[in-house]
Amino acid sequence: MQPSPVRRARRSTSAVFAVHGAAAGAFATRIPWIHEHHGLSTGQLGLLLAFPAIGAALAMPLAGGVLHRFGARAAVRGLLTLWCLAVALPALAPHPAAVALLLAVFGASAGMADVVMNAQGVEVEQRHGRSIMSGLHGLWSVGTLLGSAGGVLAVHLGIDARPHLVATAVLLVLLAQPACRGLLDIRPSPDEEPPPRFSRPPRSAVLIGAVAMGAVLAEGASMDWSGVYLRDVAGGTETLAAVSYTAFACTMAAARLCGDAVVRRIGAVRAVRASGALATLGAATVALAPGPVLGITGFALVGVGIAVVVPLAFAAAGRSGPRPGQAIAGVATITYTTGLVAPTLIGMIGQVGSLRLSFVFVAVTTLLMVLGAGVLGDRRGRRVAGAPGAASAVPAAGAVPP
């Protein structure tokens, strides 16, 4: 028996999330290579890592228009392909200035692809009739695990980052094409106006996004700085430095895949409080780790602790007011911008003080998740983000960077 269009769309969306994550994971393992290859200081690397945020801020307002003009399936296919190709570009740059420019392209393509694939995920969730977003984000984490595992192998074999990332980009582009075939081809009605480029998020979205910021900052810090931290601070080898990110990605993937069942059992608020406590313990362990083994353990705990927070933030935004789409878009803007700025912020703190101090700061921000978890509770009885009608304005999510 042929699967229904919604089931096919769910499988395709799952594959899209995994491909996007694999690209991110592969690149993350080669950040120490860029650091060493160009002879950068901690502050210089942190400054370079600001350019993905700049690129995303400039490009994300275009994502809603791309969805409106080309339809969901073509938008996801085109932007996911662009993102896969962009993964190899920073490693090919001959000079730090060129790295900065290509990291801006990298961030722009990542942000736009992220917006359109999440819009597809929310639409599939709406038609499926039950929550699937945590699982989709879990598959993104599985993708990062697979991509980072390939990076660990390349580092262990002494393969230069340039051929490694070029080969990864080609492989992911080939995988992206069949992954997009079953997506819902959502198109606007002929008389529908294009989404606005800019929209101020409501106050409810700001409060929810503030809670999610701790998780996103911890994720960005772990993705981009775990390898450098394990090598330069904890005294690990290049291979162990790459393994640190793999441990983080592995535990986060497992927790996200189990997240829906946990939330159904104990509720969103308790889940976020427990998550914040685990993430704080993990970040503190990283900051105090005397060697690489305890450091890797700390990154693994951070991965478990932050896993379900962002999906729960989107669900809370969907029931936080009369315009759920606008609230979801506002939370998306806050969390995504935080994730792109986080590596630079961690680098700046590391330059002024130390990378250990940077992860003390991460521990403080994750502790705030525990204190603010109550704003994610369902106090008004509204529909969740995946309920019918809750995501009607989601294509505008790419149109709200500050």
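The values are calculated or read from the model by the stated rules, or taken from the named source; none is laboratory data. Quick caveat: nothing in here was measured; it's all calculated off a predicted structure. Heads up, the Cβs are rebuilt from the backbone with ideal geometry, glycines too, and the neighbour counts pull from every protein chain shown. Surface accessibility is based on the protein's heavy atoms, side chains included, excluding ligands, DNA and RNA. Shrake-Rupley method; radii C 1.70, N 1.55, O 1.52, S 1.80 Å.
Between the labelled values (1) 0.91; (2) 1.14; (3) 1.00, the entry that holds Cα Rg over 2.2 N^0.38 Å as derived from this structure is (1). The figure for residue 89 is an accessible area of roughly 60 square angstrom, using a 1.4 Å probe on the protein chains alone. Set the Förster distance to 51 Å, then compute FRET efficiency between residue 41 and residue 206 from the Cβ-Cβ distance, nearest 0.05. Computed FRET efficiency for residue 41 and residue 206: 0.90.
By accessible area, using a 1.4 Å probe on protein heavy atoms only, the chain has 66% of its surface on carbon and sulfur. Counting only alpha carbon atoms, the long axis of helix 324-352 and the longest principal axis of the chain meet at about 10°.
Give the angle, between 0 and 90 degrees and rounded to the nearest 10, that separates the Cα long axis of helix 292-306 from the longest principal axis of the Cα atoms of the chain. Here the helix axis deviates by roughly 10 degrees.
Just to confirm the number: angle between the C-alpha axis of helix 238-266 and the first principal axis of the chain, 0 to 90 degrees, nearest 10? Taking Cα atoms only, the helix is inclined about 30 degrees. Please find the FRET efficiency linking residue 130 to residue 95, where r is the Cβ-Cβ separation and R0 is fixed at 56 Å, and quote it to the nearest 0.05. With a Förster radius of 56 Å, E is 0.65.
Between residue 166 and residue 371, the simple label model (points 7 Å from Cα in the Cβ direction) yields a spacing of 5.1 nm.
The residue list 169, 105, 41 was ranked by how far each Cα lies along the charge dipole of region 1-182 toward its positive end, using unit charges on Cβ atoms, and 169 comes out on top. Please give the calculated 222 nm ellipticity per residue for the chain, where each DSSP H segment of at least 4 residues contributes -39500 (n - 2.57) and the sum is spread over every residue; nearest 500 deg cm²/dmol? Estimated from H runs of four or more residues: -25500 deg cm²/dmol. Charging the Cβ of each Asp and Glu at -1 and of each Lys and Arg at +1, and nothing else, the dipole of the chain about its Cα centre rounds to 1320 debye.
Of the peptides 261-267, 309-315, the order by per-residue mean of other Cβ atoms within 10 Å, starting with the highest, comes out as 309-315, 261-267. The string of couplings for region 105-111 from the Karplus curve (6.51, -1.76, 1.60, θ = phi - 60°) is 4, 4, x, 4, 5, 5, x Hz, one whole number per residue in order, with x for Gly and Pro. Calculated FRET efficiency, residue 364 to residue 69, Cβ-Cβ distance, R0 = 41 Å: about 0.40 to the nearest 0.05.
The accessible area of residue 11, taken with all protein chains in place and a 1.4 Å probe, comes to roughly 150 Å².
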